[in-house]
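Data block below; observations after.
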Amino acid sequence: MFAKTRDRDWQLLAQKALTGECLTMDESLAVLEAEDDEVLAILQAAFAVRKHFYGKKVKLNMIINAKSGLCPEDCGYCSQSIRSQAPIEKYKMLDKDTLIAGAREALNRKAGTYCIVAAGRGPTERELEQVILAVQEIRATLPLKICACLGILRGDQAKRLADAGVHRYNHNLNTSSANYAAITSTHTYDQRVETVQKVKQQGISPCSGVIIGMGETHEEIVEMAVALRELDADSIPVNFLNPIPGTPLENAEHTQPMKALKVLALFRFICPSKEIRVAGGREVNLQSLQPLSLYAANSLFVGDYLTTQGQAIAADHQMIEDLGFEIERCALKKGGE
Ligand code: SF4
């Protein structure tokens, strides 16, 4: 049993991760259920893995909320759902020029990836075409990777996005298979998995992550990490629920900062070579411990999230510099690979 730990045991987990072996359930639970006094040792082990694959580089991503609100789905955490009473801005798909202006802003913020995110079950033909036109122009004129997040996709839609130059497609698992029905009734966990598989089949890099803090058990957190390992998601946003007033989960509790760090370390151990992003809810859940998250994660969002505020961009840049880490700039040239 792994429950009684010494510093070197965490390093054993790092060794396992580096040799490509998956942690057992017992080992994973030991990370999540470790005493808070163990957190620095756990992070040190996670950092050994992170450093092996990513050095001290930090990838920055910027989100644009390309279409906001009025979503017919009923995800309990989401302020853009038709069920939500949250007073958010609601608008249709932004026009091409606005999407392109967002890409320029992503470059100003030193982001390497620009994430075009639209609320909804899936894109209409008109919405898909609008995104494709913007993506084609961004790819031709700016050195940026593009991630699209437009909901459930058919295979032919994924192919059109791939042909337009979309590098990555985000579709989060969000919560465990067992907890899914408690969070959303209008689509299933399996449908989410299928979309991730479809984009991968079309040669788009899959991005899929989780939201921690929605009533899932520790075992379910481990299952989600293992599911993403098996799905071979290249990028894994680990969100921590920011309970938004007016949503069904408005009274959920925040994740404690120490717990959030253990979760990030676990994802690094289970998906060692993948881009682990400390994502939505970073500021309100990790609070003053935010910088420590980068010893396990190697990626951040800069700026605001879809309907909630992030910290100032300069503060993120300063945090990275203070840690002695370095922003990873996009290696693409204009219109190039
Ligand atoms: Fe929100 Fe997306 Fe769920 Fe719609 S499908 S309610 S936009 S999370």
Sparse-neighbourhood loop hits (GluC sites (Glu not before Pro), region 202-269; DSSP loop; Cβ within 10 Å at most 11 others) -> E253
Semi-axes, largest first, in whole Å: what does sqrt of 5 times each Cα gyration tensor eigenvalue give for region 200-337?
-> 23, 20, 15
Taking every alpha carbon pair in region 1-150 and sorting the distances into 5 angstrom bins from 0 up to the bin holding the longest one, the percent per bin comes out as 2, 9, 14, 13, 9, 9, 10, 13, 12, 7, 2, 0
Which whole-number percentage describes the relative contact order of the chain, with Cα contacts under 8 Å and a sequence gap of 6 or more?
-> 23
Subset of K16/K274; K110/K259; K57/K200; K51/K262 violating a 20 Å alpha-carbon distance limit = K110/K259; K57/K200
Cα-centre dipole for the chain with unit charges at Cβ (Lys and Arg positive, Asp and Glu negative), debye to 20 = 1140
Kirkwood Rh over alpha-carbon pairs of the chain plugged into Stokes-Einstein at 25 °C, 0.890 mPa s gives a D in µm²/s of 123
Accessible area per residue, Å², the chain with all protein chains present, probe 1.4 Å | 42
Could you pull the Cα extents of region 192-276 along its three principal axes, largest to smallest, in whole Å?
-> 40, 29, 19
With contacts defined as alpha carbon pairs under 8 Å and 6 or more residues apart, what's the relative contact order of region 180-276 in percent?
-> 27
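The values are calculated or read from the model by the stated rules, or taken from the named source; none is laboratory data. Since the model is a prediction, treat every value here as computed from it, not as a measurement. Glycine gets a Cβ as well: all are built from the backbone with ideal geometry, and neighbour counts include every protein chain shown. Surface areas here come from the heavy atoms of the whole protein model, side chains and all, with no ligands, DNA or RNA. Shrake-Rupley method; radii C 1.70, N 1.55, O 1.52, S 1.80 Å.
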